[in-house]
Amino acid sequence: QVQLVESGGDLVQAGGSLRLSCAASGTIFSINAMGWYRQAPGKQRELVATINVSDGSTNYADSVKGRFTISRDNAKNTVYLQMNSLKPEDTAVYYCNLRPYPVSWGQGTQVTVSS
């Protein structure tokens, strides 16, 4: 099984930046793509960004396009999310998972953006 561990969340002021990491370990045969998700209090989990592990192609939710960048280090089985120009509405617990077939969710990492 694949285990996912997210890290890098913090409390930052609006306009600040953070870099999240997602380390995958365990029985990894092949991963087609990875995604970053977030869940704000009282809201459903939403997809923020995806990356194809093979060719590095990416996609972003409109709400983060131009501010967030997803990247990967295949040698380290790690996916990153660089978040710039953070807004209070970016406050959420951020998770990563495999796509298109997700595994058990990790504990996530809390991002709090103060105004």
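Each value in this text was obtained by applying a stated rule to the coordinates, not by laboratory testing. The model shown is predicted, which means the values in this text are computed figures rather than measured ones. Quick reminder, even Gly has a Cβ in these numbers, built from the backbone with ideal geometry, and neighbours come from all protein chains shown.
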Subject >> Long-range amide H partners of Val53 with built H, under 5 Å >> reply: Ala33, Met34
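Quick one: if the Förster radius is 25 Å, what FRET efficiency do Asn52 and Leu11 give, using the C-beta to C-beta distance and rounding to 0.05?
Using R0 = 25 Å, I get an efficiency of 0.20.
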**OP:** Would you grab the residues whose amide H sits under 5 Å from the one on Arg72? Only those 5+ places off in sequence or on another chain, please, with H modelled 1.01 Å from N.
**Re:** Tyr80
Original post:
For Asn32, what is the net charge nearby, where nearby means another residue's Cβ is under 15 Å from its Cβ and Lys, Arg count +1, Asp, Glu -1?
Top reply: +1
Original post:
With the contact rule set at Cα under 8 Å and sequence spacing of 6 or more, what percent relative contact order holds for the chain?
Top reply: 37 percent
**OP:** Determine ³J(HN,Hα), in whole Hz, for all residues of segment 38-53 in sequence, where each value follows from phi through the Karplus function 6.51 cos²θ - 1.76 cosθ + 1.60 and θ = phi - 60°; x replaces Gly and Pro.
**Re:** 9, 9, 8, x, x, 10, 6, 5, 10, 7, 9, 7, 9, 9, 7, 5
Subject >> Length added when fully stretched, Thr112-Ser71, from 0.36 nm per residue minus Cα-Cα >> reply: 12.6 nm
**OP:** Just subtract the alpha-carbon distance of Ser25 and Ser85 from 0.36 nm times their residue separation and send over the number in nm, one decimal.
**Re:** 18.5 nm
Subject >> Distant-in-sequence amide H partners of Lys87 (H built 1.01 Å from N, under 5 Å) >> reply: Gly15
Subject >> Vicinal HN-Hα couplings computed from phi for segment 101-115 (Karplus, 6.51 cos²θ - 1.76 cosθ + 1.60; Hz; Gly/Pro x) >> reply: 10, x, 9, 4, 6, x, 7, x, 9, 7, 10, 10, 10, 8, 8
**OP:** Would you mind telling me the antiparallel percentage of the DSSP bridges in the chain, rounded to 5?
**Re:** 90 percent
Original post:
Can you pull the percent of Cα pairs in the chain with separation above 17 Å?
Top reply: 49 percent
